[in-house]
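Asks: Structure below; questions to follow.
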Amino acid sequence: MRSRIWSCIVVSGGLMAFSCVVFAQTDTKTAAKEIYSGKHHEGTVQSHDLSGVWMASAGFESAARIHEAPNTFLQPWALAKLNAEPIYLRKDLPEGHAGGGTGLGVVRDISCSQISLTDFIIKQKPIEIVQTPQRIFMFFEYEHTYREIWIDGRELPKDPDPSYFGTSVGRWEGDTLVVESIGFNDKTLLDGMPHSDAIHLVERYRRPDLDTLELTLTADDYKAYTRPWTAGPVRLAWHPDWNLVEAFCIQDDNSNFKKLIVDPAVGQSKQPGSTKLPK
Amino acid sequence: MRGSLAAALCLAFGVWLLPIPLPAHHGTAVYDTSKSLEMQGTVVAFNWVNPHASIEWEVKTEKGAPKHWIVELTSPGMLTRSGWHHDSLKPGDEVTIYFHPAKSGSRSGIFQRVVFADGRPDLIDPRVQ
């Protein structure tokens, strides 16, 4: 009888010890996952923490549309440049891209050359925000690239070299991250608008609740605009369980997609054949 | 029994939470989303590439050669986050594919669901339901 009691005690103790080890491992893994994903917020919004994976919510097309009519702020040369854009790329028109229109069947619609910082943030492609004391990084799934925002108190450079994403510094104003960018080249459209290399873009990010990031945009450009334009708020949803994957824009893949899917779908080519995409 | 019910409720809740993102590269205006077709056939290729994955399959006809069909899916990234893999479909798989057809009348469309003849769980596109 005594030996049975001792056996029970030993077995129970062993099970308890094993359980502790298992639970400890589980807790560690869970905690690490929660911290990585931002779940350590535990339902509350931590101030000045935008880290995590985000993606624009449905309806972003209309939310991102610039509030002012283009002819009320574009200088003549910029308005002419906008009007030269194909209708399907126009975000200021309901029948254009941001209005739910389609550029299917048109070569430029699936071109890899349409690089735009605002599109990388606003379009429905995931982005991941990673914060350090000096910088905030935005990693973009599309093109597998990133932009950096300096938050160490430095000022914008006086004469930055022109680039597609420009040069950005940020600061906190209450619960809002204000990001100012200059140094863009004049090859992109920012929220669908032509601009010069003098454009000054301001992004304002606010996290009204755990799951939502709100972005408003303002831009001024003394060479291209007569007054600033504004857009937003665009809402991005938090996806704590997502990871970014590789999604390069490869022109050969886009061309094959157009040949296999787009052209037949719009009736611009014969029935799809058995052409295989290159592996 | 209670466990099965809980699992079913969790599954239903999880499906309800699935995001339904819109396409990033182009609209779906060329597809007739009011119609859903189903075509039984044999997978020829599963193209795991950006900007959109696609499935090619051959459908037997009563007379003549099998007809080649193709449907587009969302991006590999969005599929990955919905449980797909690059080898979720293999050439030779017997399948029934549900899709919205192209308005042009071509043998193409936008994918909704695949049902496997061998009993594997169905796969859906998180983009188009």
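Asks: Residue by residue through the stretch A:178-202, note down the ones that are of a type in the set (A, V, I, L, M, F, W, C), in a strand (DSSP E or B) and crowded, with 18+ Cβ neighbours inside 10 Å. Write out each step before concluding.
Replies: Filtering the stretch A:178-202 down to residues of a type in the set (A, V, I, L, M, F, W, C) leaves A:178-179, A:182, A:184, A:189-190, A:193, A:198-199, A:201-202.
After this cut, where a residue has to be in a strand (DSSP E or B) as well, the list is A:178-179, A:182, A:184, A:190, A:193, A:201-202.
If the condition is that a residue be of a type in the set (A, V, I, L, M, F, W, C), in a strand (DSSP E or B) and crowded, with 18+ Cβ neighbours inside 10 Å, then A:Val179, A:Ile182, A:Phe184, A:Leu190, A:Met193, A:Leu201 are the ones that fit.
Asks: Right, another one. Filter the stretch A:221-244 down to residues that are within 14 Å of chain B (Cβ to nearest Cβ) and open to solvent by 60 Å² or more (accessible area, probe 1.4 Å) and give me whichever is farthest from A:His200 (Cα to Cα). Talk me through it step by step, then tell me what you get.
Replies: First pass over the stretch A:221-244, keeping only residues within 14 Å of chain B (Cβ to nearest Cβ): A:234-244.
Keeping just the survivors that are open to solvent by 60 Å² or more (accessible area, probe 1.4 Å) gives A:235, A:241, A:243.
Numbers: A:Arg235: 22, A:Asp241: 35, A:Asn243: 32 Å.
Here the answer is A:Asp241.
Asks: Before we move on, is B:His68 in contact with a Lys or Arg (Cβ under 8 Å, 6 or more places away or on another chain), within 12 Å of chain A (Cβ to nearest Cβ) and open to solvent by less than 30 Å² (accessible area, probe 1.4 Å)?
Replies: yes
Asks: Report, by residue number, each residue of the stretch B:108-129 that is surrounded by 17 or more Cβ atoms within 10 Å (Cβ to Cβ) and assigned to a loop (DSSP other than H, G, I, E, B).
Replies: Within the stretch B:108-129, B:Asp125, B:Pro126, B:Arg127, B:Val128 qualify.
Asks: Still on this structure, I have one more. When you scan the stretch B:107-120, do you find a residue that is in contact (Cβ under 8 Å) with a residue 60 or more places away in the chain, of a type in the set (Val, Ile, Thr) and in contact with a strand residue (DSSP E or B) (Cβ under 6 Å, 6 or more places away or on another chain), even just one?
Replies: Yes, some residue in the stretch B:107-120 is in contact (Cβ under 8 Å) with a residue 60 or more places away in the chain, of a type in the set (Val, Ile, Thr) and in contact with a strand residue (DSSP E or B) (Cβ under 6 Å, 6 or more places away or on another chain).
Asks: Among the residues of the stretch A:110-138, write down those that are open to solvent by less than 10 Å² (accessible area, probe 1.4 Å) and assigned to a strand (DSSP E or B).
Replies: Across the stretch A:110-138, the qualifying residues are A:Ile127, A:Ile129, A:Ile136, A:Met138.
The values are calculated or read from the model by the stated rules, or taken from the named source; none is laboratory data. This structure is a prediction, so every number in the text was calculated from the model and none was measured. So basically every Cβ, Gly included, is an ideal-geometry build from the backbone, and we count neighbours across all protein chains shown. In case anyone asks, the SASA skips ligands and DNA or RNA and just uses the protein heavy atoms, side chains included. Shrake-Rupley method; radii C 1.70, N 1.55, O 1.52, S 1.80 Å.
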